[in-house]
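The values are calculated or read from the model by the stated rules, or taken from the named source; none is laboratory data. This is a predicted model, so every value here is computed, not measured. Ideal geometry is used to build each Cβ from the backbone, glycine not excepted, and the neighbour counts take in all protein chains shown.
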Amino acid sequence: MKNITRYLGLALKLLVFLLVLGFALKNSHSIQFNGYLGQVWQAPLIVMLGLAFVLGVLTGVLALLPSIFRLRREATRKGRENDLDITITQPDIPVV
């Protein structure tokens, strides 16, 4: 069963790759991007879309970094507190 799911995952990845490749080949004409201060860039449409995707992912990751670090600090602190609780609290009554 494990091999079947791995092969299905590979087939799905191949299908997505082929769809993106076909999209790139159909949209290979050059477009013009007008930036600030009169900057003009010309590149294929798929390059501009890929650049926009990468910039969006980087922006999302940067926006999540403070939350990730805060949660990591809290988890570490709670782990230390749990370790201290285990070592400090010992039963006073002997177990028979």
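Quick notes on this structure:
- Cβ separations smaller than 8 Å between residues 6+ apart or across chains give no pair from region 40-53 residues that are assigned to a strand (DSSP E or B) to residues that are acidic (D, E) and surrounded by 15 or more Cβ atoms within 10 Å (Cβ to Cβ).
- Checklist (1) surrounded by 10 or more Cβ atoms within 10 Å (Cβ to Cβ); (2) at pLDDT below 85 applied to I86, failing item: (1)
- Residues that are out of contact with any Leu (no Cβ under 8 Å at 6 or more places or on another chain), among the polar types (S, T, N, Q) and in a helix (DSSP H, G or I) do occur in region 75-83.
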